[in-house]
Each structure stands twice: as structure tokens, then as C-alpha cells.
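What follows is a single structure, written as C-alpha cells, with notes after it.
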There are 2 protein chains.
Amino acid sequence: MLDAARGFTPADAVVKNGLVFNPFINDWERGDLAIKNGLVIGIGTYTGKTEYDLSGSYVIPGLIDAHVHIESSLLAPREFARLVALHGTTTVIADPHEIANVAGQQGIDFMLAERPGACIDIRYLLPSCVPATLNDTGGATLDARDLGQFVGCDGILGLGEMMNVPGVLSADPVIGEKLRLFSLRDGHAPLLTGPDLNAYILAGIQSDHECTRRDEAEEKLRRGMYIFIREGSTERNISDLIGLVNLKTVARCCFATDDCHADILCDKGHIDRCVRRAVECGLEPELALRMATLSAAERFGLSDRGALTPGRRADFCVVDDLHQFIVKKVFVMGKVVHPAHSVPRKSPPSPFTCRLPSADELQLTGSGEARVIGLVPHQIITDSLRYTLAAHEIPDIRRDILKVVVCSRYRDKECALGLVHGFSLKRGAIASSISHDAHNIIAVGTSDAEIHRAIEGVIRSRGAMVAVVGETPTILPLDCGGLMSTLPYPEVVQRLKDLHKVTECMGSIDDPFMYLSFLALTVIPSLRITDRGLFDVGESAHIPLFLQ
Amino acid sequence: MLDAARGFTPADAVVKNGLVFNPFINDWERGDLAIKNGLVIGIGTYTGKTEYDLSGSYVIPGLIDAHVHIESSLLAPREFARLVALHGTTTVIADPHEIANVAGQQGIDFMLAERPGACIDIRYLLPSCVPATLNDTGGATLDARDLGQFVGCDGILGLGEMMNVPGVLSADPVIGEKLRLFSLRDGHAPLLTGPDLNAYILAGIQSDHECTRRDEAEEKLRRGMYIFIREGSTERNISDLIGLVNLKTVARCCFATDDCHADILCDKGHIDRCVRRAVECGLEPELALRMATLSAAERFGLSDRGALTPGRRADFCVVDDLHQFIVKKVFVMGKVVHPAHSVPRKSPPSPFTCRLPSADELQLTGSGEARVIGLVPHQIITDSLRYTLAAHEIPDIRRDILKVVVCSRYRDKECALGLVHGFSLKRGAIASSISHDAHNIIAVGTSDAEIHRAIEGVIRSRGAMVAVVGETPTILPLDCGGLMSTLPYPEVVQRLKDLHKVTECMGSIDDPFMYLSFLALTVIPSLRITDRGLFDVGESAHIPLFLQ
């Protein structure tokens, strides 16, 4: 290696004539990039066994996603890797929070087992909050001892987004035990400010990806936090936050995608999309690239990447135009990436010890003033609405009030029923085994028969997204923990599009499965539904459907 | 702690009305700085049991020296700490290279034992090159196994300046073993460039403090190195290098003092002096402060300091004017520093198993064309001069050719004799137990009797700097390994000044002890003298005094 670096022997590969981005000077430099054994060995004048002429191109260190839930892509990790690699991403920091809520340690084991053979480097932070709350019933509980078994495992970097802010602030010993497991701790503290923010940081939490306001992000950055600016499927914060980034602050700013469906990743991109969006919003390309490379590498102590200097991984992508930023070639460990589809070697446990609800169970009774969950377009918050109605009037297509059903995935128990406004379905039903964070089965529809059929489709597939019109189901199987598919990503994207075509015919709003998946999320206002029934977030209590 | 951060209970101390430097935004902010248990718990609005009104002042995170040899101050570590603390330094990264060359592991043990009770935080890197070369005979050899015993010790951060560049480049396995001990490795590679620099970095070396040229520093920084810009007693690089520092590069630039005598530290300052000098040279004060705080903390993975944000050490200094930059108050772990003198609890071994040379031994014989070491003003390089002379003509005051003597400190053996030009002594002699890096006894003088008396003074004190005129010795005892004094720093400074007064009366150039201490340094061109005789650096061989 040293002899090759000194130019005495040829390198394995040399990339010539490109403009190489150097984040240490936030600028470009010209020079041969010499590679051996997967590492950069030098920049200068070199010869190699293989030489790439990249005249007219920009060579950029591999892009890094600072926070992502791979499960949200609907792809198994190696397939996710294959898809994002094509967009220039070579490292992701993932939190297997979703699969851990379904399958506990075995879920994490599965995600770890996917690392070898993935065409990019996947690193994990351990999910700090499983279950996320005690308001619904998921598949697992992970305490500090459970998490402790992963300390020192290859691929585990630290503790993932600590979303139990009250627990941190009140010095809950259970939280303290988890925080002490690792020195690297990611945060999750939307809108936290002032003395409480100070306390949260004092407790040892170092980053946040939940900022939605510029002043919020700036306060957190001043207090020493890394800010991950997020652009996911629905959470899109770049336009609001990017003004924070300048030469003074860029070392503490990264990009994250958090939750992104495969179709968005495929059609719009991954961290490349973040770079494009940031540049569209007025950021200098070099600052965006610094965020996507060295800043993220340094945040996670990954001193072996983030720049193309001797001893670091030869992970990089090639683009021809900094504003269009279309990645045309990607190298991982010095080799061009041509990833092939691979089926996971084994699956995580996918518990479906539930039963199909009977027709009786799906039947709603009562009348009077009812509480109805109101969707809010482009938001994951919901409204708490009230309508006067009688159960037999449901579905009330005119007023857009539909039945919503939650069936436990994990227990043989009765399902919970509620009402929702805003899906705009005129016919049919949809169901899914993705419902944050417990991931019970959730369905909404215009008839009990179609709801029943949709739920049946989910259970039969042992996890799926299903749309039913009449007798015809359209299915995207999520055979991997009920959250991810083992299919190749083009097929997953196609099936997602098929599902959306069907729901469009039903009269649905765009992307109804996304809204559906958040209806059980009891940490976000206002009204939710869990496997135990209707839930008022403000009151932090389950409540009856009809007002007494 | 959390309750205090949240403002529910009072802090231990609150610093009010100061402008606080925030390196995360490279700017100033106003707000109460709240402290508890030695840590910052918040910035905002707080009340404390003790409150400090710092209206009109700047509050700056404690300054950090990224590379220093404490021994060069002539002070024992706790006394050194006391002196630099008054200048705003609260953390130093020290390399006990000098004492290790004298006393090996026990020397390092001594330095570690001084950490508790020091008023600042002293962290060490292990000396990587003991002995520095095989050309002279020091007191110890430290191989990887010896160094390995310190891995994991409190206060040890990594491997110190790897100065054996040829060993690194040729993949010397002995060097490789040492490099593998730590992931943090400081470098020392003056003027290294191009492919060899790539190879040196590829070998895992991450920093350099030996840059003297702007283009040199810029190349190293581009290749991913941290650059420690040095301003020591004699090595003063700020004016040449500071142009390298800007918002794009500042995160990788730090200050270092390397070697600084107590008198310079006392009269001119420490890292505060670097900040002043950098600002004089045109750097924005905020960039200089970023270098002196967060950049250095991050280089050494010290995430508990470098900024005044929740959870970090409440180490800071207070100044009234950013350009004068006179430190008027210093806090360490939230308390005002009022350091008192403390004598080291124990001393390192200070081997003086040598003997006083006899009058015969000091006698030079021969005549003809002689090789004479030529001092170069303000440099540590020397010239290799030639003069036609006879031994009995020495001292040749007219031509300024004096006798130089090296006596082993470690072995009962004959001394080595040579000739030197440039000290300009008209009478008397000086001797010292500091001579890099083996630290044998070295003397120069105008008469054998005075040389003899000076060496005797060094040996009697078991280490000292001595100036003799006639029968009268003036002594600064270096009772601590023959390198450091256990006296309080004001006394050391006074005695240094007394010595310089005497040498001035002798007709000497300024600071002759400094020049003397480098005459045995066989890694720097051109002509040197060791305990084995005259040494030609170019030839890497000992050579006779008279040309044959």
C-alpha cells in the first residue's frame, strides 16, 4: 500500500481528470485519485492497473444519510442499499425502530444480518424507545439490558433517536440506563426550546432531526447539537431550514431522509435529492456537499470516509452538473457499483398471532355526537372532529366519514373501531400492516365486506398493503416483518403505483396508505386509534367513540 | 443537574452579562451561563448561588494547546499548569518525549502522577520515538510493548509526534506496531510533500505541527491532516501560516507551542500569545478563538470541552479586549483558578551515573583543518564550518571558536570534544543537562577550568543549567529528571534571567542555553556533537574533528 502511495508500484485503480470535491477546503481540486484495496492512497500523479477518465465530471465523496428508517422504504436493507447506491449514497445511519417494535431483538438481528452483502455501508443506531409509548400494544419491549447485548456489535454506532423527552427531562432511570450504554446518542425533540432544551442536551443527547423552524434549528445548533435537515416522503424541512447552513455552521449540519417510500427514492432520489433541493433553495453546492459527506462522517466518528484523502474509503459518486446533480456513476471501496437484487437470507419474525375479525366485530353501534379523526393534508397531525351521526349511516360518503379498524397483530383479541374524515374513498377499502409504531393492522373502507377482505389480505400475506374493490384485492406483500418486501425494488415501486392507481379509482386522496400508517401514532396530536380503541393525545387516554 | 438546567433549582454559579463566544456559530451571544458540578448546564436566564457580573467582558471557552513538551518550560507539570492557567489555558495535550528519553516509562509515570492536583487538564500522547535516533545514547528505549502498558491509562489520548518518517514510509514493522496501539496519532513531518506525504497519511498519521511554509501546510490540510500552527520560544510559524486559516479550514487548524521556556510563558503568554499574534497577523479574532477552543477539542475527541454548551466543562477565560487579549480571570470546572505552587510528590529518576571528566579528558590535541559547528542565528540548523587551527589555540576568541564538550549522563565513559563557532563568549563557560533528545550533559566555554566547573555544577545538582565565570557558578537547578525544576515558576523565571545576565556579561549571544540544547540533535542538519563525538548529519556518521 505504502509503495503504491509513493508511486513505486501501480495503484489498483486511478480516477483521472475529474474535479474532486475536498471538504477540508470546501472546494474542488484536480489530480489523479489513486485507489488500492478499496482505499484512497493518494491524490497527485499516479498510474493504475485500471484507469477511469472522468474529464468534465465532478467526483464527490460518497453521500451519507444521517438518519433513516430503512423499513419506511418498504424494502429489505440490501435492496434499499441497491436503490440508494444508484443515487450516490454509500453510507446510511439507520435506526431499525420499526422492525424492533414488531420483532424486538430478532428484528435488529435481521437488520444486522443484512449488512454483509449490502452494496453500501449500513450502520445502525439502536432504537431507544421500543415501545414508543405505552398507549398501544406492539410486538416487543427493549430495555437497557436488551439493548446492551448489541453494544460492541459490528455495525452498531450508538443510541437512536431518543423521543421520550419527558423521560429524559425527569431523569427517568430507565432512560438513564439506555443513555449510558453509548457515548453517541441521537435525539428527537420537536420544538424543544429554552431551559428544557438545555436539560435535554445536558442529559447527553447530541443531535436532532425534528426541527421544522429555522429559529428552532439555530437554537439547537448554538447549544451544540448536530442538526440533521430532513427531506423525507412527507417531512420536508429543507426549504425552511437551509438558511441555517453557512460556512460557520456547516460542520454541524447533515442531511437525513428519515422516512421515504421506495417510489420516492426511485423517482426523486435520496441524499442526491436533498442536495438538489438545498441548491434549489439557494445553498451553495459546496456547502450542500460538505453536509452530505464530511459533516455526517464526523458526526458519527467515521474517520474513514467523508473525504477522498489517503487512508479513507474510496467511496464516491460522479456527476456532470452540480445543479442538476444527476449521479451517473458510483464507486464503493474503489469499485463501480452494479448492484444486483438479493433476497434476504432469512426473515425476521413476523408475528400474526391475530385473528380475522368476525362480521359482528366490525359492526358499529350507537348514535349521537361522535368523535371523528380528521386527516390534515400533508401533515401527520390529525384533528379531533365531532359529527352527529348514527352507526348505521356509516359509511357517510357525502360527509366523508368512514370506518377505521385496528386489529392487533400480536394478540387474539377484538378489533377496535373508529371513524375518520378525509380519505375521500367512494368505494372499496384499504388495509396495511404498517401503523406506527406498534404496527398493528389498520384498515379503512366503505363497506365491512371490503374492509374484512383487505384485512384478510394483510393477514394471509403475513403483512401487506392491500386495496380491495369489490372482490378484487391488489396487494403489495410486506413479507419481511410485515413492514418490508423481499421483492426487487422496481417491482415494489410498480406495485406501489398499482395500489395508488386503485385507490385513485376509489376516489381517494393521494397516498392514503401514508395517512393510514400514522393514524395509530399516539405521540402526535390530536385524535388517534390504537388496538385498544380511540385515543385522545391531549388527555393521553383512550376514550369512547360517542360522547356520553 | 437536570432540574437546575430546567431552572427549577438554582445553579451553583451563574456568569452574567458577558458576551460568550460560541464556536458552533463562530460568533458571540449574550445570556447567563449557568454552571453546576463543574459543568455548563445552560445558557439563558438563570439564577445561581454565586453570580459573577461580567459586564463588558468576553467569555471564551478555555484555551487548548494542541502540542507541547511541558519539559521545555523547565517547570514540573503542575507548576507549568499553574503558569499557563493564568493565561487562559485550561487543557494541554503534552508529549513527555524529553523525560521519556531520560527516564523511560518511569518518566512517563511521573508526568501522569502530576495530573491529579494540576489546576488544568493535562492530557498526554505517548512519545513515539524514544530514542529519537540511534546516533547518540539516551537513558531509555521504548518499544511498542513498553508503550502498550499505557494504553487505556487515564490521561493518555494517543501516540505522539511520529518523527521517524523514513521508518513510516518504509513500513518498518517496529513503527507499525507503535502506530497500531492507538487510533489517534500525531505527526511530525517537516516539508514532507507529494506521494510521500500521501503515504505518511495513509499510514494513519493525522496531524502535523512542523509546517513552516504556507503551501506545505495547505497541502497537508487538503490531504486531511489537522494543522497545528506553532508559536514556541524559537519556532514561530504564525506569521507564515496564518493565511491558511479561514472559515472553510478553521475546523482543522489549532495552535501549539511545542517548546516554550518559562520566561516566555510568563512574560509573553501561552495560547493567548498565539491568539494575539494571529490577530496581529490579520486573522479575525473569532477564527483564532475557534482554533484555540473547539477545533483543538475536536481533534482530540474531547467532546466535553471546546464550547460552553450544556454538559461540557465550565472551563473559560475572561478578557476585556479582543485585540489586546489580556486574560483577566480563568475558570476551570466552574471555579475561579487561584493556583498555588506545589512541589511534585515524587521525582522521576534522574540518572547521573556519569563521572566528572578529568582535566586530561578535556584536553584537545591535534592541528590542521578542523570541522567546526557553526550556529545559525534564530535557527536550530547548524553549519558545517572548517577552520585551520591548532588545538592549543582554543579558545580562539578572535575567530569565536570555542570548545564544546558532551558527557554522557548515563554511562561512566569518556567525554566527547568538539569546536563551535557563534556563541561569542569572551570568558566563562556554560553547561546544561538539557540537550535534545538524549539529554546528555553539554558544555561550552572559554577555559577548561570553567567548563569543568560548569559540568561539575550540573552533576552536583543532578541536573541544572549553569553559567560559570571564574570560580562563581550561577545555577538554575533542574532537579526533576535534569530537565525541569521543582521551584515555583517566578523563581525559575528569575533564575533564568540571572543566568542570562551572566551570559550577557560573558559576551554571549542571546539565549545561549537554547542553542546549546540543540547541538546534539542529530536529526537536523548539518554538524552536531553527541556523547560519541562529532556527527555529520548528511553522512549520518560520527567523524573526526580534524580532517585526515
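The values are calculated or read from the model by the stated rules, or taken from the named source; none is laboratory data. Here the structure is a predicted model, which means the values were calculated and not measured. Please note: Cβ atoms are built from the backbone with ideal geometry, for glycine as well, and neighbour counts cover all protein chains shown.
Data table
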item	result
Residue count for segment B:21-43, restricted to those that are assigned to a strand (DSSP E or B), of a type in the set (A, V, I, L, M, F, W, C), closer than 18 Å to residue B:63 by Cα and facing chain A (nearest Cβ under 10 Å)	2
Only listed residue being hydrophobic (A, V, I, L, M, F, W, C), outside any loop (DSSP other than H, G, I, E, B) and buried (at least 24 other Cβ atoms within 10 Å of the Cβ), chosen from A:438, A:454	A:454
Residues of segment A:532-545 that turn out to be buried (at least 19 other Cβ atoms within 10 Å of the Cβ) and either modelled with pLDDT of 95 or more or in contact with a His (Cβ under 9 Å, 6 or more places away or on another chain) (or both), as a count	3
Top-ranked residue of segment A:158-172 - restricted to ones that are buried (at least 19 other Cβ atoms within 10 Å of the Cβ) and either in contact with a Lys or Arg (Cβ under 7 Å, 6 or more places away or on another chain) or modelled with pLDDT of 95 or more (or both), ranked as nearest to the other protein chains (Cβ to nearest Cβ)	A:169
Failed item, numbered, when residue A:79 is tested on (1) acidic (Asp, Glu); (2) touching a strand residue (DSSP E or B) at 6+ places or on another chain (Cβ under 6 Å); (3) away from chain B (no Cβ under 13 Å)	(2)
Filter result (more than 13 Å from every other protein chain (Cβ to nearest Cβ) and either aromatic (Phe, Trp, Tyr) or within 23 Å of residue A:185 (Cβ to Cβ) (or both)) within segment B:301-332	B:315, B:316, B:325, B:331
The one condition in (1) more than 18 Å from residue B:518 (Cα to Cα); (2) touching a helix residue (DSSP H, G or I) at 6+ places or on another chain (Cβ under 9 Å); (3) surrounded by 24 or more Cβ atoms within 10 Å (Cβ to Cβ); (4) not aromatic (Phe, Trp, Tyr) that residue B:444 fails to fulfil	(1)
Any hit, segment A:61-74, residues being surrounded by 19 or more Cβ atoms within 10 Å (Cβ to Cβ), in a helix (DSSP H, G or I) and among the β-branched types (Val, Ile, Thr)	yes
Extreme residue, farthest from residue B:274 (Cα to Cα), among residues of segment B:197-234 that are in contact with a Ser or Thr (Cβ under 8 Å, 6 or more places away or on another chain), assigned to a loop (DSSP other than H, G, I, E, B) and more than 12 Å from chain A (Cβ to nearest Cβ)	B:233
Per-region count, segment B:264-300, residues within 18 Å of residue A:225 (Cβ to Cβ) and surrounded by fewer than 24 Cβ atoms within 10 Å (Cβ to Cβ)	1
Index of the failed condition, residue B:7 passing every other in (1) in a loop (DSSP other than H, G, I, E, B); (2) out of contact with any Pro (no Cβ under 6 Å at 6 or more places or on another chain)	(2)
Some residue of segment B:272-295 being aliphatic (A, V, I, L, M) and more than 26 Å from residue A:250 (Cα to Cα)	no
Scan of segment B:235-251 for residues that are within 14 Å of another protein chain (Cβ to nearest Cβ) and either buried (at least 24 other Cβ atoms within 10 Å of the Cβ) or not basic (Lys, Arg) (or both), ordered by number	B:243, B:244, B:245, B:246, B:247, B:249, B:250, B:251
Every residue from segment B:396-421 that is surrounded by fewer than 21 Cβ atoms within 10 Å (Cβ to Cβ) and either under 17 Å from residue B:351 (Cα atoms) or not aliphatic (A, V, I, L, M) (or both)	B:396, B:398, B:399, B:400, B:410, B:411, B:412, B:413, B:414, B:421
Only listed residue being closer than 26 Å to residue B:142 by Cβ and of a type in the set (D, E, K, R), chosen from B:462, B:427	B:462
Residue in segment B:47-58 that is buried (at least 24 other Cβ atoms within 10 Å of the Cβ) and at pLDDT 95 or above present	no
Filter result for the condition that a residue is of a type in the set (Lys, Arg) and either farther than 22 Å from residue A:43 by Cβ or assigned to a loop (DSSP other than H, G, I, E, B) (or both), over A:276, A:290	A:276
Condition broken by residue A:271, with the remaining ones in (1) touching a Leu at 6+ places or on another chain (Cβ under 8 Å); (2) hydrophobic (A, V, I, L, M, F, W, C); (3) within 30 Å of residue B:185 (Cα to Cα) satisfied	(3)
Given (1) modelled with pLDDT under 95; (2) surrounded by 22 or more Cβ atoms within 10 Å (Cβ to Cβ); (3) of a type outside the set (Gly, Ala, Ser), number of the condition residue B:1 does not satisfy	(2)
Considering residues of segment B:44-56 that are within 14 Å of chain A (Cβ to nearest Cβ) and not in a strand (DSSP E or B) only, the residue farthest from residue B:336 (Cα to Cα)	B:45
Enumeration of residues in segment B:123-146 that are part of a loop (DSSP other than H, G, I, E, B), at pLDDT 95 or above, of a type outside the set (A, V, I, L, M, F, W, C) and crowded, with 18+ Cβ neighbours inside 10 Å	B:127, B:128
Only one of B:225, B:291 that is within 24 Å of residue B:24 (Cβ to Cβ) and touching a Gly at 6+ places or on another chain (Cβ under 9 Å)	B:225
Answer residue from segment A:488-499, given it is touching a residue at least 12 places away in the same chain (Cβ under 8 Å) and within 20 Å of the chain's Cα centre (by Cα) and is surrounded by the most Cβ atoms within 10 Å (Cβ to Cβ) among those	A:492
Only listed residue being over 25 Å from the mean Cα position of the chain (by Cα) and more than 27 Å from residue A:349 (Cβ to Cβ), chosen from A:456, A:539	A:539
Among residues of segment A:173-196, those that are in a loop (DSSP other than H, G, I, E, B), more than 20 Å from residue B:313 (Cα to Cα) and more than 10 Å from chain B (Cβ to nearest Cβ), counted	6
Inter-residue pairs, beta-carbon under 8 Å, first under 13 Å from residue B:128 (Cα atoms) and in segment B:138-155, second among the charged types (D, E, K, R) and outside any loop (DSSP other than H, G, I, E, B), 6+ apart	B:143/B:177; B:143/B:178; B:144/B:177; B:144/B:178; B:144/B:180; B:147/B:178
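For (1) modelled with pLDDT under 95; (2) over 30 Å from residue A:387 (Cβ atoms), each residue gets a yes or a no:
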{"site": "A:479", "(1), (2)": "yes, yes"}
{"site": "A:485", "(1), (2)": "no, yes"}
{"site": "A:499", "(1), (2)": "no, no"}
{"site": "A:527", "(1), (2)": "no, no"}
